[in-house]
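I have placed the structure first, in the form of structure tokens, so that the comments after it can refer back to it.
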Amino acid sequence: MNKRVAVVTGGIGGLGTAICIALARAGRRVVAADLGGHPERVARFAHEVEGHDIHFAALDVSDFEACEVFVRDTEAAHGPLGILVNAAGITRDTTLRKMERAQWDAVLSVNLDSVFNLCRHAIGGMAERGFGRIVNISSVNGQTGQFGQTNYSAAKAGMHGFTMALAREVARKGVTVNSISPGYCETALVAAIPDEIRQDIVDKVPVGRLGHPDEIARTVEFLSDDAAGYITGANIPVNGGLYMAF
Ligand code: CAA
């Protein structure tokens, strides 16, 4: 069988890079879709993933038409899309009283509209072929809410509703749709939190440390496996125990 093709949005980011490498190691051909505007970031990524079947594609995930072209071009170049990991995410943290409209719009369009933009163009082919694995990277803060993150928490919570609804629509077509809710991980996003606030958060994590991007990546690998066909509409928390619910 040909290698399954996996697209990872936010593919050159903190979690994205680890996810790309994990999927490539699992025998996937991986396309990392991310903004192309920072050549030094792209070059660093290329160096990190050297030797793996991983390809970079410049994409603004908040652009609906660009996502359509991207899915078409990716399938023409690499083959039918089997796995889609929506990992593109940004923060614009500030309390609601100070939040500008642009900070709301940016977070909602990159974190949530992007999931619609990619899934909308990928889902038809997946359903027709009878196979697909969609994994949406949400956040613990979409489950609990976080001070200073009305925009981010709303977008991340929205991903869960989207995940469950789409899971129902394609359950009979061999396509699964799941989300993962990472806790605080060793990424640039978390490094940007003021030291004192970050330390307070880490102190509340039962496991007592930040998560490693690899710990999220292995969960993506698990959910995107061919053998994971009976898990759909689920949310897997990977948060060191920061938020426990059943
Ligand atoms: N809970 C309750 N009160 C809090 C608080 C909290 N968590 N954090 C701050 N406050 C209080 C302060 O003590 C202060 O009170 P006083 O006015 O009485 O002194 C007040 O709120 C500060 O309010 P400001 O509007 O002045 O806020 P700020 O500008 O100082 O900072 C912030 C706001 C930038 C959002 C800052 O609190 C912050 O960075 N918080 C961390 C947010 C966070 O966790 N982001 C996660 C990023 S990583 C990520 O998102 C990845 C993932 O998925 C996990």
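The values are calculated or read from the model by the stated rules, or taken from the named source; none is laboratory data. If you're wondering where the values come from, they're calculated on a predicted model, not measured in any experiment. All Cβ positions, even for glycine, are placed from backbone atoms using ideal geometry, and neighbour counts span all protein chains on display. Remember, those area values only see protein heavy atoms, side chains included, never the ligands or the DNA or RNA. Shrake-Rupley method; radii C 1.70, N 1.55, O 1.52, S 1.80 Å.
With just the Cα atoms defining each centre, how far is segment 135-190 from segment 1-42? Give it in Å.
After rounding, the separation between the Cα centres reads 19 Å.
In cubic angstrom, how much convex hull volume per residue do the alpha carbon atoms of segment 143-246 span?
Convex hull volume per residue, Cα atoms: 108 Å³.
Please list, ordered by chain and number, the residues whose modelled amide H lies under 5 Å from the amide H of F56; skip anything fewer than 5 residues away on the same chain.
Amide H neighbours of F56: A32.
Once amide H atoms are built 1.01 Å from N in the peptide plane, which residues 5 or more positions from S179, or in another chain, come under 5 Å H to H?
Counting only residues 5 or more places away or on other chains, the set is N136, A234, N235, I236.
I want to check the label-to-label distance for K98 and K3. Put each point 7 Å from Cα in the C-beta direction and report it in nm to one decimal.
It is 4.6 nm.
Mind checking the full-extension length gain between R209 and F64? Use 0.36 nm per residue of separation minus the Cα-Cα distance, one decimal, nm.
Answer, rounded to one decimal: 48.5 nm.
Work out the P(r) tail for the chain: percent of alpha carbon pairs separated by more than 32 Å, whole number.
The calculated P(r) of the chain puts 15 percent of pairs beyond 32 Å.
May I ask for the net charge around A167, where only other residues with Cβ less than 12 Å from the Cβ of A167 are counted and Lys, Arg are +1 while Asp, Glu are -1?
Result for the local shell: +3.
Report the full-extension gain for the segment R129 to H38: residue separation times 0.36 nm, less the Cα-Cα distance, to one decimal in nm.
Taking 0.36 nm per residue and subtracting the Cα distance, the gain is 29.2 nm.
Does segment 50-162 classify as rounded, prolate or oblate by the C-alpha gyration tensor (a ≥ b ≥ c root eigenvalues; a/c under 1.5 gives rounded; else a/b over b/c gives prolate, otherwise oblate)?
prolate
Suppose we look only past 16 Å in the calculated P(r) of segment 138-184. What percent of the Cα-Cα pairs does that tail hold?
41
About its Cα centre, what dipole magnitude does the chain give when the only charges are +1 on Lys and Arg Cβ and -1 on Asp and Glu Cβ, stated in debye to the nearest 20?
580
Might you tell me the accessible area per residue for segment 5-237, computed with a 1.4 Å probe and given in Å²?
Solvent-accessible surface per residue comes out at 47 Å².
Mind listing the phi-derived Karplus ³J(HN,Hα) values for segment 148-165, rounded to whole Hz, using 6.51, -1.76 and 1.60 with θ = phi - 60°, and x for any glycine or proline?
In residue order, the calculated couplings are x, 9, 4, 5, 5, 5, 5, 5, 5, 5, x, 4, 5, x, 4, 4, 5, 5 Hz.
Would you mind telling me the share, in percent, of accessible area of segment 5-237 contributed by carbon and sulfur at probe 1.4 angstrom?
52
How tilted is helix 39-48 with respect to the longest principal axis of the chain? Cα atoms for both, answer in degrees (0 to 90, nearest 10).
Taking Cα atoms only, the helix is inclined about 70 degrees.
Got a sec? Which residues in segment 1-34 would a label at D73 touch, if it sits 7 Å along Cα→Cβ and we count backbone N under 18 Å?
6-12, 30-34
Answer with one residue from T95, P80, I231: the one whose Cα lies farthest towards the positive end of the charge dipole of the chain, charges on Cβ with Lys, Arg +1 and Asp, Glu -1.
I231
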